1. Which of the residues that make up segment 69-80 are within 22 Å of residue 134 (Cα to Cα) and in contact (Cβ under 8 Å) with a residue 12 or more places away in the chain?
2. For residues that are at pLDDT 95 or above and surrounded by fewer than 13 Cβ atoms within 10 Å (Cβ to Cβ), tally how many sit in segment 184-194.
3. Scan segment 32-59 and report the pairs whose first residue is touching a residue at least 60 places away in the same chain (Cβ under 8 Å) and closer than 16 Å to residue 144 by Cα and whose second residue is of a type in the set (Ser, Thr, Tyr) and part of a helix (DSSP H, G or I), with Cβ atoms within less than 9 Å and a gap of 6+ or a chain change.
4. Would you check which residues across segment 56-79 are polar (S, T, N, Q) and part of a loop (DSSP other than H, G, I, E, B) and list them?
5. Looking only at segment 81-100, filter to residues that are in contact with a strand residue (DSSP E or B) (Cβ under 7 Å, 6 or more places away or on another chain) and among the hydrophobic types (A, V, I, L, M, F, W, C); which one of those is nearest to residue 133 (Cα to Cα)?
6. Need the failing condition index for residue 112 against (1) of a type outside the set (S, T, N, Q); (2) part of a strand (DSSP E or B); (3) surrounded by fewer than 16 Cβ atoms within 10 Å (Cβ to Cβ), just the number.
7. Need the failing condition index for residue 53 against (1) of a type in the set (S, T, N, Q); (2) part of a helix (DSSP H, G or I); (3) out of contact with any strand residue (DSSP E or B) (no Cβ under 6 Å at 6 or more places or on another chain), just the number.
Amino acid sequence: MTSRGYDSTIERLMVEYSLRKGKNMSIVSAKQVRLKTGKTIDIRSAQTEDARQVLMLAHSVMAESAFLLTTPEEFRYTIEDEKLWIQNVCASLADVIILAENDHQLIGMLNFMHGVRKRIAHQGELGMSVAAQWRGQGVGKALLQSLIEWGEAHPLIEKLCLQVFASNTRAIALYTSLGFEQEGRLKRQIKLLDGTYVDLLAMARFVK
């Protein structure tokens, strides 16, 4: 059963494509990536067994990052909530969760959720988190490259979208280096606890 407002024709075509190709379209190809530091990380899709580490990474990043919309006290998800989220994404046809690991420890995560209505189903929004001690080493780049490859091979997805704090210059530089372009600026979109404002940049990359 499709969600209200979603075109069953799109779902049927993606199911047929998945069956013909013999692959689940919510899964990325697992691979190893050597970082510029010489360390090796594993890139793969999330499984329900990853729920605990996914939750721990989320809590860790929210506790120290100044560039997230959600505050630590607002993030109230449980391990069971994370399991259900991962399960739903794995069962979807155009969503994906990509993990980065080092020695079986989760160090980074990227999720992409496509639009659920017919006119926006060809695009979606991504979010990414990398553990503080692993930033600046190429983990985010590896996650994004995996998403781009997935999007290029996907029969539906044409556009990868994101929003980023205008003050997050490192992230903006990374996105730009991989072909993302600024499409708009939402002025004073974020209000911090000290009363100051931050603009949000809308960026996107076409994969078709």
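1. 69, 72
2. 5
3. Listed pairs, sorted by first residue: 33/146; 43/146.
4. Correct list: 65, 70, 71, 78.
5. If we take residues in segment 81-100 being in contact with a strand residue (DSSP E or B) (Cβ under 7 Å, 6 or more places away or on another chain) and among the hydrophobic types (A, V, I, L, M, F, W, C), then 100 is nearest to residue 133 (Cα to Cα).
6. Only one criterion is unmet by residue 112, namely (3).
7. For residue 53, the failing item is (3).
The values are calculated or read from the model by the stated rules, or taken from the named source; none is laboratory data. Keep in mind that what you see is a predicted model, and the values were worked out from it rather than measured. Positions of Cβ are backbone-derived with ideal geometry, glycine not excepted, and every protein chain shown enters the neighbour counts.
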